[in-house]
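J.: Mind having a look at this structure? Questions to follow.
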Amino acid sequence: MKHRSGSVRSLGFLLLVLAVTGCGGTANHSDLPRDRGTLRIGLMPKLIGIAYFTACNRGAQEAAAELGVEVTYDGPPVDKVEEQNKIVDRWVAQEFDVIAVAPNDPEVIAEPLRLAREEGVVTLTWDADANPTSSQRQLFVNQAPIELVGFALVDVLGEAIGGEGKTVIITGSATSPNQNAWMTAMHRRLAHRYPKITLLETLVSDEDQGKAAQLARDVLAAHPDLRGIWGITSMALPGAAKAVRDAGRSGQVIVTGLGLPNVMREYVKDGTVPRFVLWNAEDLGYLTVHVGARLARGELPPGRHDFGRLQQIEVTESEVILGPPVVFDRANIDQYDF
Amino acid sequence: MAQVRTITPPRWRQWSAALAPWLMLLLALALLNAEEVKPRAVMRFWPAWAETGTLAVALTAIMLTGGIDLSIGSIMALAGMTLGLLWRDAHWPIAAAAVAAVLVGGLAGAINGALVVLGLPSLVVTLATMAFYAGLALAISGGERISGLPADFCELGRERIAGVPTQVCLLGAALMAGWIVVHHTRFGRYLFAIGDNRTAATFAAVPVRRLELALYLASGLVAGLVAVFYTARTGAAIPTAGQGRELEAITCVVLGGTLVTGGFGGIGRTALGIVVLAHLEIALQFADQLKITLPGSDSPWQLTGQTRLIILGMLLIAVAIWNQRARGTRA
């Protein structure tokens, strides 16, 4: 008897809990469009809570409003690769129509993406690519062709120092495929266009702003006639810029590279970094959502297509290319907020 | 060990303690049902939880003696990186690298065991080696992931045997072995004896030291084995792998009703704990769009990664206290 009454009481408690959570849930589910007519797109950054990806999401939500689709933006709060896999699995279970991932690792993400496609989900990568063969992803939304980024980096500095002088590159990690590909393009451009620019060495900053600043200080001390520094990651660039400014050699040593407008604004305004290179993050998110919606509703053959406000975007067999990189300078930097 | 006071607690407390995991399982299933999650989708999250569960089986034996092993997650990372580095840099065949990974896990466990046998508290020892092994995994790999492992090796972590993921098979085997060892051998009876009263067990000629060494060694071997399956599943050796796994495994054991102070519990309880925690966590993941507006608050309260951790942490504490009280044992 005692047994019975205990279970009954517990059952009552359970029902109460269910009633509370259930009510809370349904009340709020109703304000999300859940009918199957609305396309549901999952947009996953490498990690959430950083300005660059938040800007991508702003563009994505703009596209979502235009197209009348629902874009869920979610990702790992820390750089933990397995979290991305879990979210992909969850989105498949929640019957998303499109899943677009900026993978932290090209191989680790491959298996869940492949399974997602098997379930009939449209799979995209953006910002960074997954292994195209093992992931079977449909398209990679590429922010800027590697080649053009490398060329722009060289041209920005080459023009500023009149095509001659000693320079160094500060990179993030020795094994990053992106950074190594950019540097290959830079070497080619230097050899063709600026034979009088000497590249002294390539320094590895371990994706650490403090270390990049230290490396730049050492180089500045060792070479009084140094003319330019490339910091080709968003950590290396502000580190190098700070070192040059602190040494009082702004303008004499030109710093440039890849960086975020909000971080680099002060250095652009004081002349340490007259110009630097990146792409428009909002446009990248905007384009990714447009491509996802287009693929979910039909075909996207190779060629040039218009996606909302972005005209004549190049689509190849495996990539969509946002376009040439953006060069930020004193005139345009205030238009960007990321 | 502190003085132990035993009183018979009210029956309802015992009942509620036994019922609590089942209620949580019901709650989890109800949540999954409310979110319209298909069973097939839920099963996709099983392999990861089966890995944690396998760790929890070895941990149960340790916790029965009143000990703990906090380093299992870090051992996973160390073993996984050993596998990756031997394969990529030393050009070992992947199978040999996998065996070496398990052995490295065993070695790490043996070091834990040796330090515990020296008389240091297991909490202190494994807290230290948790940091040490994790740091070692980062150091030997330079913090870089090693991906592109051979496809047929990856199958090991992705295959199904008669529709059951390999990790779940591994968990099944571990539960079976654990159940036999803990509940049907003299070794198993000794575990309970040590957990009840370590000093008394020593005087009763229980080979406490040898037993403890064996326990931590086994825990390390299991962590190494789990690391192999984990690495195969993700297709990459990841230096930060296993972070937080030790807490999940401990929660599984405690949720099942094994006492943190040792002497009471078992493998069957841990099996229940694994099933409950796994489905609760899976259900909470899907409840990401569940918003609850508390009265008097404007902003809705929403489940995120962090709140999930808070919920699981509170759960662990609540259940641990409740179980202890239900047994009438207070350390």
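The values are calculated or read from the model by the stated rules, or taken from the named source; none is laboratory data. Fair warning: this is a prediction, and the values are worked out from it, not measured in the lab. When we count neighbours, we look across all protein chains shown, and the Cβ atoms used for this are built from the backbone with ideal geometry, even at glycine. Calculation scope for accessible area: heavy atoms of the full protein, side chains included, ligands and nucleic acids excluded. Shrake-Rupley method; radii C 1.70, N 1.55, O 1.52, S 1.80 Å.
J.: Could you sort A:100-109, A:39-48 so that the peptide with the highest average Cβ count within 10 Å comes first and the rest follow in order?
T.: Per-residue mean Cβ counts within 10 Å order the peptides as A:100-109, A:39-48.
J.: Continuing with the same structure: Take the alpha-carbon centre of the range A:282-314, take the same for the range B:244-260, and report the distance between them in whole Å.
T.: For the range A:282-314 versus the range B:244-260, the Cα centre distance is 48 Å.
J.: While we're on this one: Considering every Cα-Cα pair within the range B:15-71, what fraction, in whole percent, is farther apart than 19 Å?
T.: Tail fraction, whole percent: 54.
J.: Please report the relative contact order for the range A:142-211, taking Cα pairs under 8 Å with a sequence separation of at least 6, and give it as a percent rounded to a whole number.
T.: Details: 78 pairs, mean separation 31.1, N = 70.
With pairs under 8 Å counted, the relative contact order is 44 percent.
J.: Another question, if that's okay. What pairs in A:K46/A:K269; A:K46/A:K211; A:K46/A:K166; A:K166/A:K269; A:K166/A:K242; A:K80/A:K242 have C-alpha atoms more than 27 Å from each other?
T.: Values: A:K46/A:K269 30 Å; A:K46/A:K211 23 Å; A:K46/A:K166 36 Å; A:K166/A:K269 24 Å; A:K166/A:K242 19 Å; A:K80/A:K242 30 Å.
Among A:K46/A:K269; A:K46/A:K211; A:K46/A:K166; A:K166/A:K269; A:K166/A:K242; A:K80/A:K242, the Cα-Cα distance tops 27 Å for A:K46/A:K269; A:K46/A:K166; A:K80/A:K242.
J.: Just the number please: accessible area per residue for chain A, 1.4 Å probe, all protein chains included, in Å². Don't skip to the answer; put the middle values down first.
T.: Values: 13980 Å² over 338 residues.
Value returned for chain A: 41 Å² of accessible area per residue.
J.: If you build the convex hull over the alpha carbons only and average its shadow over all orientations, what do you get for the range A:47-133? Give it in nm² to one decimal. If you can, show how the numbers build up before the last one.
T.: Details: hull surface 21.8 nm².
That works out to 5.4 nm².
J.: Next up: Classify chain B as rounded, prolate or oblate from the Cα gyration tensor: take a ≥ b ≥ c as the square roots of its eigenvalues, call it rounded if a/c is under 1.5, otherwise prolate when a/b beats b/c and oblate if not. All intermediate terms of the calculation are to be shown ahead of the outcome.
T.: Numbers: a/c = 1.73, a/b = 1.06, b/c = 1.64.
Here chain B falls in the oblate category.
J.: Take every residue in peptide A:102-108, count the Cβ atoms of other chains within 10 Å of its Cβ, and give the average of those counts.
T.: Details: counts 0, 0, 1, 6, 4, 9, 7.
Across the residues of A:102-108, the mean count of other-chain Cβ atoms within 10 Å is 4.
J.: For the range A:62-211, calculate the relative contact order in percent as a whole number, restricting contacts to Cα pairs under 8 Å that are 6 or more residues apart. Before the final figure, lay out each step's value.
T.: Details: 196 pairs, mean separation 24.5, N = 150.
Reported relative contact order: 16 percent.
J.: As a test of understanding, state the convex hull volume per residue of the range A:210-271 from its alpha carbons, in Å³. Each step should come with its number before you reach the end.
T.: Working: hull volume 4.0 nm³, N = 62.
Convex hull of Cα atoms, per residue: 65 Å³.
J.: In square nanometres, what is one fourth of the surface area of the convex hull spanned by the alpha carbons of the range A:97-200? Before the final figure, lay out the partial values.
T.: Numbers: hull surface 29.7 nm².
Convex hull of Cα atoms, orientation-averaged projection: 7.4 nm².
J.: Charges only on Cβ, +1 for Lys and Arg, -1 for Asp and Glu: so what's the dipole of the range A:147-216 about the Cα centre, in debye to the nearest 20?
T.: Numbers: 6 positive and 8 negative charges, 52 e Å.
Dipole of the range A:147-216, to the nearest 20 debye: 240 debye.
J.: Per-residue counts of other Cβ atoms within 10 Å, averaged by peptide: what ranking do you get for B:271-279, A:211-219, highest first?
T.: Details: B:271-279: 23.4, A:211-219: 20.9.
Final packing ranking: B:271-279, A:211-219.
J.: May I ask you to derive the FRET efficiency for B:A205 and B:L103 from their Cβ-Cβ distance with R0 = 30 Å, giving the value to the nearest 0.05? Kindly include the intermediate steps, with their values, before the conclusion.
T.: Numbers: r = 32 Å, r/R0 = 1.06.
Rounded to the nearest 0.05, the efficiency is 0.40.
J.: So what is Rg over Rh here for the range B:208-272, counting just Cα atoms and using Kirkwood for Rh? Intermediate results must be reported in sequence, preceding the final value.
T.: Values: Rg = 14.1 Å, Rh = 13.6 Å.
Looking at the range B:208-272, the ratio lands at 1.04.
J.: Decide, for the protein assembly as shown, between rounded, prolate and oblate: order the square roots of the alpha carbon gyration tensor eigenvalues as a ≥ b ≥ c, take rounded if a/c falls under 1.5, and otherwise choose prolate if a/b is larger than b/c, else oblate. Working shown, then result.
T.: Numbers: a/c = 2.26, a/b = 1.59, b/c = 1.42.
In terms of gyration-tensor shape, prolate.
J.: Let me confirm one metric for peptide B:15-27, namely the mean number of other chain beta-carbon atoms within 10 Å of its residues' beta-carbons.
T.: On the way: counts 7, 4, 0, 1, 5, 1, 0, 3, 6, 1, 0, 5, 4.
Taking all residues of B:15-27 together, the mean is 3.
J.: So how do A:129-135, A:307-313, A:170-176 stack up, highest first, on mean other-Cβ count within 10 Å? List each step's numbers first, then the result.
T.: On the way: A:129-135: 20.0, A:307-313: 15.4, A:170-176: 18.4.
Averaged packing, sorted descending, gives the order A:129-135, A:170-176, A:307-313.
J.: Just to be sure I understand the model, the point goes 7 Å from the Cα along the line to the Cβ. What's the resulting A:Q312 to A:R193 distance in nm?
T.: About 2.1 nm separates the two model spin labels.
J.: Assuming 0.36 nm per residue, please report the length gained on full extension of the stretch A:E266 to A:Q252 beyond their Cα-Cα distance. Walk me through the numbers before you get to the answer.
T.: Details: separation 14, 0.36 × 14 = 5.04 nm, distance 1.73 nm.
Contour length minus the Cα-Cα distance gives 3.3 nm.
J.: What FRET efficiency would be calculated for the residue pair A:L200, B:A131, taking the C-beta separation as r and a Förster radius of 45 Å, to the nearest 0.05? Write out the running numbers ahead of the final one.
T.: Details: r = 40 Å, r/R0 = 0.88.
Efficiency, rounded to the nearest 0.05: 0.70.
J.: Considering the dipole of the range A:248-296 built from charges on the beta carbon (Lys and Arg +1, Asp and Glu -1) around the Cα centre, which of A:G248, A:N262, A:V289 is farthest to its positive end?
T.: The one lying farthest along the dipole's positive direction is A:G248.
J.: A follow-up question, please. Go ahead and run the numbers for FRET between B:R40 and A:V78, Cβ-Cβ distance against an R0 of 25 Å, rounding to 0.05. Display every interim value, and only then the final one.
T.: Numbers: r = 29 Å, r/R0 = 1.16.
The value I calculate is 0.30.
J.: Here's something else I'd like to know. Between B:D69, B:D152, B:D89, which gets the highest mean-square fluctuation from a Gaussian network model of chain B, Cα cutoff 10 Å?
T.: B:D89
J.: Let me make sure I get this right: for the range A:146-278, a, b and c are the square roots of the gyration tensor eigenvalues over alpha carbons, sorted descending. Under 1.5 in a/c it's rounded, otherwise prolate if a/b > b/c, else oblate. Which is it? Please list the in-between numbers first.
T.: Working: a/c = 1.30, a/b = 1.12, b/c = 1.17.
Since a/c stays below 1.5, the shape of the range A:146-278 is classed as rounded.
J.: Another one. Suppose every K and R has +1 on its Cβ and every D and E has -1 on its Cβ; what is the size of the dipole of the protein assembly as shown about the Cα centre, in Debye to the nearest 20? Working shown, then result.
T.: Details: 56 positive and 58 negative charges, 562 e Å.
Dipole size: approximately 2700 debye.
J.: Next up: Interface B/A, total buried accessible area with a 1.4 Å probe, nearest 100 Å²?
T.: 3300
J.: In peptide B:139-147, what is the residue-averaged number of other protein chain Cβ atoms found within 10 Å of each Cβ?
T.: Working: counts 0, 0, 0, 4, 3, 4, 7, 1, 9.
That average works out to 3.
J.: Let me ask you something else. In the P(r) worked out for chain A, what percent of Cα pairs fall beyond 33 Å? Numbers along the way, then the final one.
T.: On the way: 21188 of 56953 pairs.
Tail of the P(r) past 33 Å holds 37 percent of the pairs.
J.: So what's the range A:265-338 giving for Rg/Rh, alpha carbon basis, Kirkwood Rh from the mean inverse pair distance? Walk me through the numbers before you get to the answer.
T.: Values: Rg = 15.5 Å, Rh = 14.0 Å.
With Rg and the Kirkwood Rh in hand, the quotient comes to 1.11.
J.: Which is farthest toward the positive dipole end of the range A:146-278 among A:A174, A:F276, A:A222, measuring Cα position about the Cα centre, with Cβ charges +1 (Lys, Arg) and -1 (Asp, Glu)?
T.: A:F276
J.: Of B:P93, B:P39, B:G109, which is farthest towards the positive pole of the range B:1-142's charge dipole, taken about the Cα centre with +1 and -1 on the beta-carbons of Lys, Arg and Asp, Glu respectively?
T.: Result: B:P39.
J.: Next question, about the same structure. Over 21 Å, how big is the tail of the calculated P(r) for the range B:158-298, in percent of all Cα pairs?
T.: Working: 5556 of 9870 pairs.
Beyond 21 Å sits 56 percent of the P(r) for the range B:158-298.
J.: Pick from B:T199, B:T52, B:T270: which is most flexible by mean-square fluctuation in a GNM of chain B where alpha carbon atoms under 10 Å apart are linked?
T.: B:T199
J.: With springs connecting C-alpha atoms under 10 Å apart, model chain B as a Gaussian network and identify which of B:G163, B:G262, B:G119 has the largest mean-square fluctuation.
T.: Maximum fluctuation in the GNM of chain B, among the listed residues, is at B:G163.
J.: With each run of n ≥ 4 DSSP H residues scored as -39500 (n - 2.57), what mean residue ellipticity at 222 nm is computed for chain A after dividing by its residue count and rounding to the nearest 500 deg cm²/dmol?
T.: Details: 11 runs with 154 residues, N = 338.
Taking each H run of at least 4 residues, the total per residue is -14500 deg cm²/dmol.
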